[in-house]
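Taking it in order: structure first as structure tokens, then the write-up.
The values are calculated or read from the model by the stated rules, or taken from the named source; none is laboratory data. All of these numbers come straight from a predicted model, not from anything done at the bench. Methodologically, a virtual Cβ is constructed for each residue, glycine included, from the backbone with ideal geometry; neighbour enumeration extends over all protein chains shown. We work out accessible area using only protein heavy atoms, side chains counted, and drop any ligands, DNA or RNA first. Shrake-Rupley method; radii C 1.70, N 1.55, O 1.52, S 1.80 Å.
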Amino acid sequence: MTALGVACAAAVGLAVALWRTRRRWQAAVGERGWLLERERESATRAAVEAERDRIARELHDIVSHNVSLMVVQAGAAREVLGTMPDEAAAALRAVEDAGRGAMTDLRHLLGLLAPSADGEDEEVEHGPARGVDSVELVPQPGLDRLGALVDRISFAGLPVEVRISGEPRPLPQGVDVTAYRIVQEALTNALRHGDGGKAEVTVRYADHALRVEVLNTGSSVLTGAAPARTSPRHRDGTGRGLLGLRERVAVYGGDLDARRRLGGGYRVRARIPLDRP
């Protein structure tokens with residue numbers, strides 16, 4: 001009987017120990033699941049915020065550049081409408097082209113954000129004759145479209161000189177887009193806030209990095225001449241456009257510097273490494 005009592009007591013003790021162990025294991029699993037859920041929610045929020053920032057940068061690049069061209073060309077058309085109708089008509093055509101290009105880019109971006117139910121791009125009517133053209137998705141612009149960008153800026157009234165240094169070679173897509181956006185933002189700001197000077201674009205293909213520099217002339221702060229009227233965000237280099245460019249460049253381990261030049265005008269200079277994995 002004594003042995004049977006000891007065996008029963010041992011069995012009860014073992015059962016209680018197993019029950020307590022199981023409770024602790026369940027509590028640990030529950031806590032770990034809660035932590036994993038919190039980490040997953042945090043990662044999701046970070047991804048959403050990063051995507052929002054990326055979309056905001058793309059919208060700024062599309063809208064700011066094209067609207068700036070439209071404003072400048074519309075002002076030029078208004079100035080010469082009565083005296084030089086041919087030049088006014090050319091400026092208005094440029095306004096139309098810039099507006100159509102902005103709408104196409106926005107349609108592509110919005111199509112990626114909210115595609116149709118069947119996953120296919122919708123056909124859109126546009127053009128003077130309202131012909132139906134299929135809007136195809138195209139790669140984001142890179143340095144291969146630098147010539148077209150310079151032509152648009154030059155036609156809008158800002159002469160641009162381009163220098164290519166080193167041996168041009170294929171670039172990673174992200175670096176290519178970033179370099180194009182740097183030139184686009186710098187030239188757009190120069191056109192919007194400049195005082196009738198000119199701009200110089202230099203693209204240098206170094207061994208381990210791509211260097212991009214955009215200079216535009218202006219009134220010198222050393223001569224005492226009053227500088228052209230400049231908005232606070234362009235003057236300080238802290239606007240959404242330049243902040244977005246710094247973020248783009250930082251993704252690839254590069255750096256960007258934007259500041260007013262002592263000799264007049266503004267300078268935007270960037271270095272993007274090419275040997276990062």
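The table below gives the values:
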| quantity | calculated |
| --- | --- |
| Under-5 Å amide H pairs with residue 264, H placed in peptide plane, nonlocal only | 221 |
| Gain upon complete extension [residue 262, residue 39; 0.36 nm per residue less C-alpha separation] | 75.4 nm |
| Accessible surface ranking that places the most exposed of 70, 1, 103 first, with a 1.4 angstrom probe | 1, 103, 70 |
| Listed peptides 152-161, 10-19 by packing density, highest first (mean Cβ within 10 Å) | 152-161, 10-19 |
| Table column - 3J(HN,Hα) (Hz), the stretch 141-149, Karplus curve with 6.51, -1.76, 1.60, x for Gly and Pro | x, x, 5, 5, 9, 5, x, 5, 4 |
| Rounded percent of accessible protein surface that carbon and sulfur make up, the stretch 7-112, 1.4 Å probe | 64 percent |
| Per residue solvent-accessible surface (Å²) - the stretch 7-112, probe of 1.4 Å | 69 Å² |
| Under-5 Å amide H pairs with residue 171, H placed in peptide plane, nonlocal only | none |
| Burial ranking of peptide ranges 266-275, 39-48 (average Cβ count within 10 Å, highest at the top) | 266-275, 39-48 |
| Residue-by-residue Karplus 3J(HN,Hα) for the stretch 155-167, coefficients 6.51, -1.76, 1.60, Hz, glycine and proline x | 5, 6, x, 10, x, 10, 10, 10, 10, 10, 10, x, 8 |
| J(HN,Hα) series, the stretch 180-189, from Karplus relation 6.51 cos²θ - 1.76 cosθ + 1.60, nearest Hz, glycine and proline x | 4, 5, 4, 5, 4, 5, 5, 5, 5, 5 |
| Accessible area in the full protein assembly, largest first, 1.4 Å probe, for 4, 143, 210 | 4, 143, 210 |
| Charge dipole of the stretch 7-112 about the Cα centre (unit charges at C-beta), most positive-ward option of 34, 13, 62 | 13 |
| Cα Rg over Rh - the stretch 7-112, Kirkwood | 1.68 |
| Listed peptides 253-262, 197-206 by packing density, highest first (mean Cβ within 10 Å) | 197-206, 253-262 |
| Residue 252 long-range amide H proximity, modeled H, under 5 Å | none |
